[in-house]
Structures are given as C-alpha cells and as structure tokens.
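Accompanying notes for the structure given below.
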Amino acid sequence: MTSKAGDGDRTPDHTRSSQSRSMLRSMAEPRHLLIVAHTPTDNTRALTAAVRRGAAHPDVDGVTTRLVAPLAAGETEVLWADAIILGTPANFGYMSGALKDFFDRIYDPCLDKTARLPYALFIRGKTDATGALTSIDKVVGGLNWRRVAEPLLVVGELTTQHVAACEELGMTMAAGLEARIF
Ligand SMILES: Cc1cc2nc3c(=O)[nH]c(=O)nc-3n(C[C@H](O)[C@H](O)[C@H](O)COP(=O)(O)O)c2cc1C
C-alpha cells in the first residue's frame, strides 16, 4: 500500500483550522507593558514620561502600556504584565523605599507565577546609582525575572540624551513585546 504525503497528520481539517484561528487570535491580543516608577521630582517625572512616550511610539502596534506608582502597584498589576520596566531614584545607595515596598508586597505572591518575566530598569542618581542597581538585582534575581535590556543609569546633570535614552528604552521594550522577541 502506498502512503500519501500528510498521512502522518491525523488532525481533522476543522480542528486544525480552529487551532490556527485560536493561534491567530492570541497573536492579535494586545501585549501588556507595565511601568512601575517612583517619581518624586521633576527630573524623575520627565524620565518616566519619556519611557512611556517611547512605549507609545506610533511604529509599535498591539502593546498596551500602564504606568503605576510602586506604592499603588501590587500582585494584580504584575500578573497583568507581559514585561515590566522599573524606575527609581537612587537613595542612600539603594533603590527608593517606594520600590522596595512594592517588592516587599509582591515577592511572595509572585514568586511562583512570574519566573522569566522580562524586565528592564532605569535609575536616576545624582552621583552614583550602582548601589541601587545592586539592590534591585538581588530582588529580581530571587524572583527569577529576566533582564532583556541593559540597565539605564541616569547620573549627573540631566541631559536631553538621558531623556532620549529613556524614550528608546520604552520603545525597545514595547517593540520587543510586539515582535514577541520576549
Ligand atoms: C534621601 C536621598 C538620598 C539620595 N541618595 C543618593 C545616592 O545614594 N546616590 C545618588 O546618586 N543620588 C542620591 N540622591 C539623589 C537622588 O537620586 C536624586 O535626587 C533623585 O534621583 C531625583 O533626581 P533629581 O534630583 O535630578 O530630580 C539621594 C537623594 C535623596 C533625597
């Protein structure tokens, strides 16, 4: 008996097309980008606005972005997200208390549900943001989140280049989500 090409696939045509439809539907569903940023000053607000502006770039389609202050963000917001951008000032060589409070509240509830969650971060410091970066690295390492962009440390006098870099970060994250790179 001769065999025809395709004999190995016993999936009925109607099931296959329903699978394709559901795959196409899920490809069409908007992806979710969450920005959790503490913005106590004009400069931190300007940087965060730039990140959000970048995420809303007209060339990027199908990504819904939410900006939530760390004190107002919790497990629900994190579980909504397909990727997160964290923003904080450097305070006393550490992340801001507000961002730390966010992590304190979401750590246990999210630990088993958000492994490999893609994230990026930007930190505003006057002279040195490395301590803040280390403090965040420890927590997100514990959560097993996945860093998908270089940390953006905005140190010294604020410049238009800093603002542009934040805008680019937002756009890169949104574009990565749209392209399903992560
Ligand atoms: C209590 C406090 C602690 C700070 N600690 C640091 C620090 O450790 N490293 C640093 O580079 N900047 C530090 N700064 C500066 C802030 O990071 C900076 O003021 C904040 O990011 C807002 O930026 P802006 O002043 O340009 O608006 C500190 C500021 C405050 C109020």
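Listed here are the strands (runs of 3 or more DSSP E) enclosed by segment 26-143 that have at least 1 residues being out of contact with any strand residue (DSSP E or B) (no Cβ under 6 Å at 6 or more places or on another chain), within 16 Å of the ligand (Cβ to nearest atom) and touching a residue at least 12 places away in the same chain (Cβ under 8 Å): 83-91.
Number of residues in segment 39-52 that are surrounded by fewer than 15 Cβ atoms within 10 Å (Cβ to Cβ) and closer than 17 Å to Ile84 by Cα: the value is 0. Within segment 158-179, being part of a loop (DSSP other than H, G, I, E, B) and within 13 Å of Leu47 (Cβ to Cβ) holds for Leu158, Thr159. The lone criterion from (1) farther than 21 Å from Cys110 by Cβ; (2) buried (at least 16 other Cβ atoms within 10 Å of the Cβ) left unmet by Thr160 is number (2).
Every number in this text was worked out from the coordinates using simple rules, so none of it is lab data. Remember, it's a predicted structure, so these values are computed and weren't measured experimentally. Reconstructed Cβ throughout: ideal geometry from the backbone, glycine too, with neighbour counts over all protein chains shown.
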